[in-house]
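A short write-up of the structure that comes next.
None of the figures in this text is laboratory data; all of them are computed from the coordinates on show. Note that this is a predicted model, so its numbers are computed, not measured. Cβ: placed from backbone, ideal geometry, glycine included. Neighbour counts: every protein chain shown.
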Amino acid sequence: MFKRGLIMKTHSKKMLKNVSFWILMLQMCLVFSQQKVIVIDAGHGGKDSGAIGINSIQEKDVVLNVAKEIIRLNKLIFNDELDIFLTRYKDTLISLSDRNRLAKVLNAEVFVSLHCNHAKNSKARGMEVYVHDSDGKNIKSSIGLGLSILNESIKKLGFKKRGVKFANFHVLRKSKNHPSILVEMGFLTNGDEANYFLKSKNVKAIALSILLGITNYLNTGL
């Protein structure tokens, strides 16, 4: 009888352990499901170089370097608090439709497309953000996200603030399910800003400002 009771007690302990294990797994799943999915679109790529700086730096390389640094900093500083996906991880050309499709499939919280600016006037400088020129349900949220990123970049890096503007860019027009912005990080036709992106520490700095802008937006619920 004692032996049978011991066996039952041991079996109960095993059952409790199993139940605890599944409860823990469910809790972990809930934690992971609560991670906000962010899609970072590194513009251009492959045969499409984008803007070319006066120092021969290419837009496609700048935006990819910043995008990869955002992922690294999210892991290093925020312990992967955000679930970040890139539309491209190497020098390849991805169609505009596929960039939007990725965000839709992942049910992204926000979509941020990274670009660099260019102008005939070599004195043009600063950062600006574009949102879609519609009355969509996410326009206010998109403006809030854009302002959050701009404010972090201006405050911490000293870029000129060119504001939030409206445009009918494809990646914005087709992003109707979530706040979406296109960030022009600086002018590659401006000597100072083109040279800025040649230094890895500056790439890290602007990546951090964008990441902080995203997290501030998400935390304040704008």
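So here's what we get for this one:
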item	result
Antiparallel DSSP beta bridges within the range 27-152, percent to nearest 5	20
Exposure proxy ranking, count of Cβ atoms within 10 Å, fewest first, for S113, S56	S56, S113
Ordering of 162-173, 186-197 by burial proxy (mean other Cβ atoms within 10 Å per residue, highest first)	186-197, 162-173
Relative exposure of R72, R125, judged by other C-beta atoms within 10 Å (fewest first)	R72, R125
Under-5 Å amide H pairs with K36, H placed in peptide plane, nonlocal only	D83
Neighbourhood charge, 11 Å Cβ-Cβ cut-off, centred on L64 and excluding it, Lys, Arg +1 and Asp, Glu -1	-1
Which listed pairs, of K104/K137; K160/K199; K47/K174; K155/K176; K90/K204, have C-alpha distances above 27 Å, in listed order	K155/K176
